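> This is the structure, below, for whatever I ask next.
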């Protein structure tokens, strides 16, 4: 049999190749295609096609649910080992409260561990007082500080009740958080506008690694005219500007 132009371009015919130029009465070769293997369902009935797929999906979801239940059971067992009481019949016992209490304790513990890990970075860096800034040393006190130190600056003016309260609060916190650099600067020294003095004080700025990480103005609207160190401490903690501690 001579080869056509198509045969020469595509290569010689392979076995079972059919061409319109060949005899149409030639019987087609026997197919060697394998038929899909039937699957038996959990009920013993053979399932093929879509029914088999559905059955497989149901079995998969059942197995997935069982694994989730097992994982949840193990988690509760671990939490219960660390809870304050192991007696589920004890007065006031609440598994949800126990879980939350343990997770709070664990999170605080991890924070302290991480702080201890990097404690060498703060070695020898202590303040314990409020530093007074002026227009001549303002930039220097920020740019020349260690990168790990958080700097909190109070912009204030005399004879403003909320500013007086703020100065007292940062004095107390500077003794408690000795690795945080607390500063204060008069609005006139910071060269802010009169409008800012009248409407924006007391104000707090927070810096770390020469970058501003917090900017709060008109804090009397948030804390009131007269507030305490604990109020300011909670406020700064809410913005992660103070290191955590564990009792």
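Rule-based calculations on the coordinates, nothing more; no lab input. Everything numeric in this text was worked out from a predicted model, so none of it was measured. Cβ: placed from backbone, ideal geometry, glycine included. Neighbour counts: every protein chain shown.
> Would you check if there is a residue in the range 155-175 being part of a loop (DSSP other than H, G, I, E, B) and crowded, with 20+ Cβ neighbours inside 10 Å?
No.
> Can you name every residue in the range 206-247 that is touching a helix residue (DSSP H, G or I) at 6+ places or on another chain (Cβ under 6 Å) and free of Cβ contacts under 8 Å to residues at least 60 places away in the same chain?
220
> Which residues, taken from the range 138-154, are surrounded by fewer than 17 Cβ atoms within 10 Å (Cβ to Cβ) and in a helix (DSSP H, G or I)?
138, 139, 140, 143
> Return the only residue of 151, 160, 142 being touching a strand residue (DSSP E or B) at 6+ places or on another chain (Cβ under 7 Å) and closer than 22 Å to residue 230 by Cβ.
Result: 151 is the single residue among 151, 160, 142 that is touching a strand residue (DSSP E or B) at 6+ places or on another chain (Cβ under 7 Å) and closer than 22 Å to residue 230 by Cβ.
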